[in-house]
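In what follows, a single structure is set out as structure tokens and then discussed.
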Amino acid sequence: MTDAARYARQIVMPAIGEAGQRLIGDSRVVIIGLGGLGNPAATYLAGAGVGTLELVDHDAVALSNLHRQFLFRDTDLGRPKAEVATERLTDYNPDIDVRAHVTRLDESVFDALLPGAAAVLDCTDNFPTRFAINAACARHRVPLILGAAIGVQGQLGIFRHDLPSAGCYRCLFDETGEAAEACEDAGVLGPVVGMIGAWQAFETLRLLIEDGEAGSRWLHFAPETRTIRAHEIPPDPACPIHA
Ligand SMILES: [Zn+2]
């Protein structure tokens with residue numbers, strides 16, 4: 001920690017304190033996807049002083065991203081999201097180490113980034129990628145914080161792959177299940193992805209300061225009716241991840 005004043009308003013919280021701030025500063029967190037979820041999640045984790053952020057995204061900034069992806073400007077169009085986000089977040093908090101990975105996901109990326117990571121944030125937007133990230137987190141025993149938002153609905157998964165008897169994303173959803181609606185078709189609102197991305201950051205900080213529950217959780221959030229449903233996910237004996 002090089003600048004206690006920067007984090008004073010969170011260090012003063014009893015749940016964090018100087019010990020919690022040290023845990024946050026010593027942590028390395030992997031954020032996959034720098035879109036509408038990844039923008040707020042990465043920004044709040046950078047602000048909180050997470051020591052190392054690995055930003056993974058192969059995509060480039062497009063004009064249709066800008067209404068919800070506030071790290072990007074018109075002058076960034078066509079540039080890799082991970083690179084632009086790394087520049088902006090390094091500027092935002094020069095204390096921390098932000099690393100850009102402009103690459104598609106494969107096993108070599110997981111094998112390079114996941115060992116020793118404190119958490120992985122899934123901020124992507126499609127089912128095959130989510131299953132691949134879930135399997136990789138299980139293999140490397142890294143907790144996974146998954147966000148999803150479409151239209152005016154949001155979902156959040158906290159999967160404790162670091163614990164022996166916690167359920168996972170594959171326990172909840174079958175890989176042969178229905179195809180996801182895409183953002184392009186269903187639309188997405190900035191504040192809705194913003195809330196879910198910020199919530200991912202919140203749950204990540206809880207994990208880093210060792211304040212999380214000892215189990216997996218799934219939450220469904222409907223901002224229109226201001227309702228949140230949450231339940232625990234026990235491991236499904238039929239899930240191949242736990243076989
Ligand atoms: Zn499972």
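The values are calculated or read from the model by the stated rules, or taken from the named source; none is laboratory data. Every value quoted in this text rests on a predicted model; they were computed, and no experiment measured them. Every residue, glycine as well, gets a Cβ built from its backbone with ideal geometry; the counts of neighbours run over all protein chains shown. Calculation scope for accessible area: heavy atoms of the full protein, side chains included, ligands and nucleic acids excluded. Shrake-Rupley method; radii C 1.70, N 1.55, O 1.52, S 1.80 Å.
Under the rule a/c < 1.5 gives rounded, and otherwise a/b versus b/c splits prolate from oblate, where does the chain land using the Cα gyration tensor? Show your work: numbers first, answer last.
Details: a/c = 1.39, a/b = 1.09, b/c = 1.27.
Here the chain falls in the rounded category.
Compute the distance in nm between two label points, each set 7 Å from the Cα along the Cα-to-Cβ direction, one at Glu224 and one at Met13.
Label at Glu224, label at Met13, 3.1 nm between them.
For the chain, with a Gaussian network of springs between Cα atoms less than 10 Å apart, report the residue from Arg217, Arg226, Arg139 with the top mean-square fluctuation.
Most flexible of the set in this elastic network: Arg226.
Quick check: from the Cα gyration tensor, does region 45-155 come out rounded (a/c under 1.5), prolate or oblate? List each step's numbers first, then the result.
Numbers: a/c = 1.62, a/b = 1.21, b/c = 1.33.
Oblate is the answer for region 45-155, as a/c is 1.5 or above yet b/c matches or exceeds a/b.
Considering Cα pairs under 8 angstrom that are at least six residues apart, work out the relative contact order of region 8-242 and quote it in whole percent. Each step should come with its number before you reach the end.
Values: 480 pairs, mean separation 49.0, N = 235.
About 21 percent, as a whole number.
Taking the Cβ of Ile24 as the center, what net charge do the other residues with Cβ under 13 Å away carry, scoring Lys and Arg +1 and Asp and Glu -1? Display every interim value, and only then the final one.
Numbers: positive: Arg6, Arg22, Arg28, Arg206; negative: Glu18, Asp26, Asp95, Glu210, Asp211.
In short, -1.
Within the set of other residues whose C-beta is less than 15 Å from the C-beta of Leu55, count the net charge using Lys and Arg as +1 and Asp and Glu as -1.
Details: positive: Arg28, Arg79, Lys81, Arg88, Arg99, Arg104; negative: Glu54, Asp57, Asp59, Asp76, Glu83, Glu87, Asp91, Asp97, Asp122.
Its environment carries a net charge of -3.
Can you give the accessible area of Ser165 in Å² (nearest 10), computed on protein heavy atoms with a 1.4 Å probe?
90
Have a look at Pro143, Pro14, Pro80 and tell me which one the Gaussian network model of the chain (Cα, springs below 10 Å) gives the largest fluctuation.
Pro14
Report the local net charge at Asn39: Lys and Arg +1, Asp and Glu -1, summed over other residues whose C-beta lies under 11 Å from its C-beta.
Values: positive: Arg68, Lys81, Arg88; negative: Asp57.
Its environment carries a net charge of +2.
Taking square-rooted eigenvalues a ≥ b ≥ c of the alpha carbon gyration tensor, is region 179-243 rounded, prolate or oblate, where a/c under 1.5 means rounded and, failing that, a/b exceeding b/c means prolate?
Working: a/c = 2.03, a/b = 1.30, b/c = 1.56.
Cα axes put region 179-243 in the oblate bin.
Considering only protein heavy atoms, what per residue accessible area in square angstrom results for the chain with a 1.4 angstrom probe?
Working: 11480 Å² over 243 residues.
Computed with neighbouring chains in place, this is 47 Å² per residue.
Tally up the carbon and sulfur contribution to the accessible surface of region 8-242 as a whole percent, 1.4 Å probe, everything protein left in place.
53
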